[in-house]
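Reading through the C-alpha cells given below for one structure.
The values are calculated or read from the model by the stated rules, or taken from the named source; none is laboratory data. Treat the numbers as computed from the prediction; the structure is a model and nothing was measured. All Cβ positions, glycine included, derive from the backbone under ideal geometry; neighbour counts span all protein chains shown.
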Amino acid sequence: MVHTSRPLWSTKRALGCVLCLAAVAFVSPPSAASEDLPARLPLIIHTAQGEVELQVELAATPESRRRGLMFRNKLGHDAGMLFDHQAPKRIAMWMKNTLIPLDMLFIAETGRISKIVANTVPHSLRPISSEIPVQAVLELNGGAAREFGIQQGDMVSHQIFSVNSSSELIGGARVIDGDSLWIGQVKVRLFNIDAPEPDQLCQNPDGKSYACGQLSKNELTILTTGQRIRCVGDQVDDEGFRLGACFLDDMNLNKEMVSRGWAVVYRRKKYDEDYLRIERIAKKQGNGMWRGTFITPWDWRNGVR
C-alpha cells in the first residue's frame with residue numbers, strides 16, 4: 001500500500017494537479033545486484049549552443065513513475081529519467097526517498113521546456129509544481145541544465161512528443177510568402193493552409209484594392225523574425241517543398257496564420273477540421289483579409305480576377 005502525505009495530496013487535487021512521486025514511503029530500497037534498470041534511449045535537447053544528446057530511462061507507467069529515481073545514489077553524467085504522462089496535465093513532484101539532487105525540466109506536449117527547477121533538495125517533501133499543463137518531466141543530475149546550457153524554451157526531441165519526428169527541422173526562418181519559408185536549406189510549406197500569392201490583391205471594405213499577399217508575408221515575417229522555428233513533416237510536394245506544421249514555442253504557426261485572417265484552409269486536399277473552426281472565428285471577427293473581400297489563393301493562381 002502506498003502512503004502519501006494527505007495534506008499534500010488534498011492540496012494538489014484541489015489545484016487539479018497530478019502528484020508524480022519522485023519517491024514514495026514504505027518502499028524498500030532495492031539492492032544494487034537485484035535492481036533491474038530500464039533500457040536507456042537517446043533524447044536530444046536543442047539549445048542555443050547546439051544539440052545535447054542524453055541517454056534517458058522512460059517512466060511511462062504509474063508504477064515506474066511512482067518509483068522514479070528514488071534510492072539511487074548516483075546518475076550517469078549524460079543520464080536521466082523521462083516521466084511521460086501521455087497527455088498534458090498539471091504535475092507536482094517531490095523528493096522523498098530521493099538521495100541525490102536533481103534538475104527537473106517540465107516539458108509541454110510539443111517538446112518545449114516550459115520550466116526548469118534546478119538542484120532540488122534530496123528527501124524534501126516540498127511540492128514542485130509544473131504550474132501549467134505539461135506532458136512530461138525530465139530529471140537530470142543537479143546542475144546539469146546549467147552545465148549543458150539548457151534553458152526554458154529549448155526544444156526536446158524524443159518519440160513521446162506528438163510533433164517530434166525524424167523529419168524535424170529547427171532553426172531560423174526566412175519567409176517566402178504567407179504559407180512557406182526556408183529553415184536552413186529546406187523549403188517548407190505550411191500544410192492545411194493557403195495564403196494569398198505575393199502579387200495578389202484583395203479589396204478592403206470600401207472596395208479599394210490592397211496588396212494582401214504582401215501583408216500576409218509580412219505577418220509571417222513578424223511572427224518568425226529572430227526566433228527559432230521548428231517544423232515537422234516528411235512529405236514533399238511537386239515543387240520540392242517539405243509539407244509540415246511549424247511552431248514558435250507552443251504556437252502552431254499554421255493555425256495562427258488562419259486565426260489572424262492572413263491564410264485560409266486549403267480545401268483542395270484533405271484537411272484538419274480544427275482549421276475550419278479557427279477560420280470561422282477569424283471570418284466572424286473580420287480578421288485580416290476577412291475585413292473585406294478576396295479571391296481564394298487557388299483561384300487566383302488559376303487566373304480568376
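Among the residues of the stretch 221-238, which ones are closer than 24 Å to A48 by Cβ and of a type in the set (D, E, K, R)?
If the condition is that a residue be closer than 24 Å to A48 by Cβ and of a type in the set (D, E, K, R), then R228, R230 are the ones that fit.
Taking I222, is it in contact (Cβ under 8 Å) with a residue 40 or more places away in the chain and not assigned by TED's automatic domain parsing to the domain that holds Q151?
no
Taking the stated definitions as given, is S124 out of contact with any Pro (no Cβ under 9 Å at 6 or more places or on another chain), of a type in the set (G, A, S) and without any contact (Cβ under 8 Å) to a residue 40 or more places away in the chain?
yes
Counting only residues that are surrounded by 15 or more Cβ atoms within 10 Å (Cβ to Cβ) and under 22 Å from L75 (Cα atoms), how many does the stretch 128-145 have?
The qualifying residues number 10.
Residue pairs, Cβ under 8 Å, 6 or more apart or interchain, first in the stretch 237-260 and under 13 Å from D194 (Cα atoms) and assigned by TED's automatic domain parsing to the domain that holds E219, second of a type in the set (F, W, Y) and in a helix (DSSP H, G or I). List them.
Between residues of the stretch 237-260 that are under 13 Å from D194 (Cα atoms) and assigned by TED's automatic domain parsing to the domain that holds E219 and residues that are of a type in the set (F, W, Y) and in a helix (DSSP H, G or I), the close pairs are N254/Y275; K255/Y275; V258/Y275.
List the pairs whose first member sits in the stretch 53-81 and is in the same structural domain as T98 (by TED's automatic domain parsing) and in contact (Cβ under 8 Å) with a residue 40 or more places away in the chain, whose second member is charged (D, E, K, R) and not in a strand (DSSP E or B), and whose Cβ atoms are under 7 Å apart, counting only residues at least 6 apart or on separate chains?
Here the result reads L54/D78, each pair linking the stretch 53-81 to a residue that is charged (D, E, K, R) and not in a strand (DSSP E or B).
Being in a loop (DSSP other than H, G, I, E, B) and either aromatic (F, W, Y) or under 21 Å from A245 (Cα atoms) (or both) is the filter here, so list the residues in the stretch 146-161 that pass it.
Passing the criteria: G153, D154, H158, Q159, I160, F161.
Go through (1) modelled with pLDDT of 95 or more; (2) not assigned by TED's automatic domain parsing to the domain that holds L223 and name the single condition Q152 misses.
(1)
Do you know which of the residues in the stretch 261-272 that are touching a Gly at 6+ places or on another chain (Cβ under 9 Å) and in contact (Cβ under 8 Å) with a residue 60 or more places away in the chain is surrounded by the fewest Cβ atoms within 10 Å (Cβ to Cβ)?
If we take residues in the stretch 261-272 being touching a Gly at 6+ places or on another chain (Cβ under 9 Å) and in contact (Cβ under 8 Å) with a residue 60 or more places away in the chain, then W262 is surrounded by the fewest Cβ atoms within 10 Å (Cβ to Cβ).
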